[in-house]
Amino acid sequence: MKIRIKGNSVRYRLDKLEVARFAETAELVETTQLVGGTFSYILRRSNQVETLSAHWQDNSIVFLMPEDIAKQWVETEEVGFQHKLPLENGESLFLLIEKDFVCIDNTFEDQSNNYPNPNLEC
């Protein structure tokens, strides 16, 4: 699982194996060791939310995905889901969860489990 953060936007991208594991386990956790601590990002199915949601807990960003949306996402060709989460300060946090496609340009990452990129010419 990859995370991309820019301003008030957080995006998780999952490859095929991660989507399959999420379908089975209802939760994925990735951690990054930093100087002075560990940062985690978590994706969790939940019947407590009605739309994609997120919160900060114990040095972790936790995405909550409603059960019905999770089922649709893992069982179909649906690429992703997004939501603008209102914040207490009047702004919003843009959330995006999506399947990870093979990159069009060269990259050093192992992409063997990524979804085929629909923009690639065959």
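Derivation of every value follows stated rules applied to the coordinates shown; laboratory data play no part. Predicted, not measured: the structure shown is a model, and the values here were computed from it. We place every Cβ from the backbone using ideal geometry, glycine too, and count neighbours over all the protein chains shown.
Using θ = phi - 60° and the Karplus curve 6.51 cos²θ - 1.76 cosθ + 1.60, what whole-Hz ³J(HN,Hα) does each residue of region 68-73 get, with Gly and Pro shown as x?
For region 68-73, the Karplus-derived couplings read 5, 5, 4, 4, 4, 5 Hz, x marking Gly and Pro.
If amide H atoms are built 1.01 Å from N in the plane of the peptide, which residues on other chains or at least 5 residues away come under 5 Å of the amide H of Ser9?
Here Phe94 satisfy the definition.
Any chance you could get the radius of gyration and Dmax over the Cα atoms of region 2-99, in Å?
13.3, 41
State, as an integer percentage, the relative contact order of region 2-99 based on alpha-carbon contacts under 8 Å between residues 6 or more apart.
With pairs under 8 Å counted, the relative contact order is 28 percent.
Taking amide H atoms as placed 1.01 Å from N in the peptide plane, list the residues 5 or more away in sequence, or in a different chain, whose amide H sits under 5 Å from that of Asp100.
Leu14, Asp15, Tyr115
Return Trp56, Trp73 ranked ascending by Cβ neighbour count within 10 Å, so the fewest neighbours appear first.
Ranking Trp56, Trp73 by Cβ neighbours within 10 Å, fewest first, gives Trp56, Trp73.
Just grab the label-to-label distance for Val29 and Glu78, each label 7 Å out from Cα along the Cβ direction, in nm (one decimal).
2.6 nm
For the pair Glu91 and Trp56, how long in nm is the line joining their label points, each one 7 Å along Cα→Cβ?
Here the answer is 1.1 nm between the modelled labels.
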